[in-house]
Amino acid sequence: MGWLGRDVITVLDFTREDLEVLFTEALNMEKYAKSRLDILNGKVLALAFFEPSTRTRLSFETAMLRLGGSVIGFSGTEATSMAKGENLADTIRMLDSYANAIVIRHSLEGAARFAAEVAESPVINAGDGSQNHPTQAMLDLYTMWREFGTIDGLSIGILGDLRYARVVNSLIQALSYYKVKLHLISPEPLKPRRELLEFMSSRGMAYDWTDDPYKAIGDVDVLYVVRIQRERFPDPMEYERVRGAYRVDLKLIERAKPSMIIMHPLPRVDEVDFAVDSTHHARYFKQAGLGVPLRMALLKLILGGDHE
Amino acid sequence: MSSKKELIISKIRSGVVIDHIPAGRALLVLRMLGITGREGFRVALVMNVESGKLGIKDIVKVEGRELTKDELNLVALVAPTATVNIIRDYEVVSKFKVVVPDVIEGLIKCKNPRCITNQQREPIKSRFRVVSREPLKLVCDYCGTIHDLGDIEKSLGIT
């Protein structure tokens with residue numbers, strides 16, 4: 001189906017082949033990630049961040065600027081008319097008339113799909129509630145692909161908040177296109193939701209679950225760590241009960257394969273010890289860095305920038 | 001139709017007869033069809049009458065309003081056993097058993113309070129895809145939350 005003019009609402013809107021086109025393009029874009037490639041001159045990208053973000057917003061912004069385009073938008077709703085009570089639909093309609101594409105992050109689930117129904121321009125979901133974060137999953141798979149040259153055959157441990165973290169949802173959806181071994185590791189109350197478990201079984205994905213990272217660490221090629229999503233807990237007491245329940249430290253990674261890499265979508269709170277940063281296992285900062293070429297590739301494919 | 005039933009309501013000239021509704025669900029059937037009684041056309045309701053198939057059942061008759069098959073299939077959510085008879089000039093011109101449609105819009109409220117469809121001030125209607133009919137399972141098209149029969153009945157006010 002190709003990428004031109006497409007909305008990016010969930011990873012499942014795309015095929016494995018689409019993802020591989022994106023990865024090849026991202027590899028190509030790495031050459032320009034610190035320079036400039038004027039292929040989106042005159043195009044405007046709207047960043048509608050109703051929820052906080054550092055990496056996703058800035059990497060989209062950087063990507064658009066590196067491609068020669070411009071960026072408009074807001075981060076937080078205080079300085080916009082939403083503070084006066086304007087709704088999402090009207091805000092999106094306005095951005096749609098100003099920009100060539102819209103990147104949206106919102107705290108409510110399904111907000112990005114709704115925005116895509118309202119807007120004529122392509123809408124890119126940069127995170128909606130605890131539902132989806134497709135471009136993060138694309139970046140995560142790209143990082144694995146860059147590191148190992150393949151995704152098929154990898155053993156992947158996902159450690160942390162499997163219940164509320166949208167990146168976990170999107171990552172597992174994306175991994176469903178590949179033959180991987182999945183170890184899910186979380187405290188009992190943060191096990192995946194029924195929707196995700198049913199998705200995995202509908203796709204025939206094999207996985208095991210444990211609450212003890214020591215049991216899985218020796219087998220994994222990738223340890224993907226997510227923080228506990230404090231802001232998504234309906235009950236703060238529930239958060240207090242699981243807070244600090246897991247931690248990746250030097251003691252844990254002693255038992256890992258030498259080639260094992262640790263990924264994290266960031267921000268981290270206390271689930272990865274700072275001492276781990278200087279080990280050869282740490283890839284989370286590199287992963288975040290790849291966010292720019294990956295999003296350059298995405299914008300190029302969607303907005304149709306041509307270059308030699 | 002037996003003469004016993006005709007004692008209760010007479011035949012209709014043209015419209016729809018929805019038969020084999022589980023007893024006590026006739027009002028919900030009207031709600032599924034969006035019929036409030038204020039539209040002006042004639043509606044007849046029979047509740048708790050004897051049925052060979054169901055023991056007791058409800059029947060709804062609507063006269064003077066054309067209902068599409070898609071509209072009528074929504075009845076399956078609350079009355080999976082219902083059969084529909086389309087009547088023209090006192091004759092049954094078609095008869096079918098309702099089936100839950102593939103997509104259900106606007107009727108059911110998503111149980112996820114953080115779903116965009118539960119925002120009051122957005123021009124949005126709920127939309128569910130049917131992923132299984134037996135057992136009934138719907139998925140919110142916006143937030144992906146799975147709804148079982150119990151959730152659907154709760155949303156529709158069936159206890």
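From a point 7 Å beyond the Cα of B:LYS125 in the direction of its Cβ, which residues of region B:72-104 have a backbone N at a distance under 15 Å? B:72-75, B:101-104, by backbone N distance to the label point. Centroid-to-centroid, using Cα positions, region B:83-103 and region A:231-308 are 57 Å apart. Among the trypsin sites (Lys or Arg not before Pro) within region A:211-264, those in coil by DSSP and having at most 15 neighbouring Cβ atoms inside 10 Å are A:ARG243, A:ARG247, A:ARG255. Between chain A and chain B, roughly 1600 Å² of accessible surface gets buried, counting both sides and using a 1.4 Å probe.
Of B:PRO123, B:CYS110, B:LEU138, whose Cα points farthest to the positive end of the dipole of region B:103-155 (charges on the beta-carbon: +1 Lys, Arg; -1 Asp, Glu; origin at the Cα centre)? Farthest towards the positive pole: B:PRO123. The mean count of C-beta atoms from other chains within 10 Å of the C-beta of residues in A:190-196, rounded to a whole number, is 2. Using a probe radius of 1.4 angstrom, the carbon and sulfur fraction of the accessible surface of the protein assembly as shown is 50%.
Under 5 Å between amide hydrogens, built in the peptide plane, is the criterion, and for B:LEU136 it picks out B:LEU149 among residues at least 5 positions away or on other chains. Here the 3J(HN,Hα) profile of region A:108-113, calculated from phi with Karplus coefficients 6.51, -1.76 and 1.60 at θ = phi - 60°, is 9, 6, x, 4, 5, 5 Hz, Gly and Pro shown as x. Each other residue within a Cβ distance under 15 Å of A:ILE185 adds +1 if Lys or Arg and -1 if Asp or Glu, for a net charge of -2.
Averaged across the residues of B:115-125, what count of C-beta atoms belonging to other chains lies within 10 Å of each residue's C-beta?
On the way: counts 7, 15, 4, 3, 7, 1, 6, 8, 7, 9, 0.
Per residue, the number of nearby Cβ atoms from other chains is 6 on average.
For B:PHE96 and A:THR77, FRET efficiency with R0 = 60 Å and r from the beta-carbon atoms, rounded to 0.05?
Working: r = 50 Å, r/R0 = 0.83.
Approximately 0.75, to the nearest 0.05.
Suppose all protein chains stay in the model; what accessible area per residue would a 1.4 Å probe give for region A:172-288, in Å²?
Numbers: 5740 Å² over 117 residues.
About 49 Å² of surface per residue is accessible.
Loop-resident GluC sites (Glu not before Pro) (DSSP state other than H, G, I, E or B) in region A:217-297 with no more than 14 further Cβ atoms inside 10 Å of their Cβ: A:GLU254. Simple spin-label estimate for A:ARG194 and B:ALA44 gives 4.2 nm between the two label positions (7 Å along the Cα-to-Cβ direction from each Cα).
Averaged over the residues of A:111-122, the number of partner chain Cβ atoms lying within 10 Å of the residue Cβ comes to 3.
Assuming charge only on the beta carbon of Lys and Arg (+1) and of Asp and Glu (-1), the dipole of the protein assembly as shown about its Cα centre is about 860 debye to the nearest 20.
Dipole orientation for chain A: of the candidates A:PHE14, A:LEU266, A:THR135, A:LEU266 has the Cα lying most toward the positive pole (charges on Cβ; Lys, Arg +1; Asp, Glu -1). Backbone amide hydrogens, once placed in the peptide plane, bring A:ILE72 within less than 5 Å of A:LEU45, A:ALA46, A:LEU47, excluding anything fewer than 5 places away on its chain. The convex hull built on the alpha-carbon positions of region A:14-127 has an orientation-averaged projected area of 7.6 nm².
Rounded to the nearest 20 debye, what is the charge dipole size of region B:22-119 about its Cα centre when +1 sits on each Lys and Arg Cβ and -1 on each Asp and Glu Cβ?
So the dipole magnitude of region B:22-119 works out to roughly 360 debye.
How about region B:1-110: which chymotrypsin sites (Phe, Trp or Tyr not before Pro) there are in a DSSP loop, with at most 14 other Cβ atoms within 10 Å of their Cβ? Present the calculation step by step, with values, prior to reporting the outcome.
Numbers: sites: B:PHE41, B:TYR90, B:PHE96; in loops: B:PHE41, B:TYR90.
Sites meeting the loop and neighbour criteria: B:PHE41, B:TYR90.
A crude spin-label estimate for the pair A:ASP13 and A:GLU254, with each label 7 Å from Cα along the Cβ direction, gives 4.8 nm. Accessible area per residue for region B:27-92, computed on protein heavy atoms with a 1.4 Å probe, is 52 Å².
The values are calculated or read from the model by the stated rules, or taken from the named source; none is laboratory data. All figures in this text were calculated on a predicted structure; none of them were measured in a lab. Glycine gets a Cβ as well: all are built from the backbone with ideal geometry, and neighbour counts include every protein chain shown. Side chains included, ligands, DNA and RNA excluded: accessible areas come from the protein's heavy atoms. Shrake-Rupley method; radii C 1.70, N 1.55, O 1.52, S 1.80 Å.
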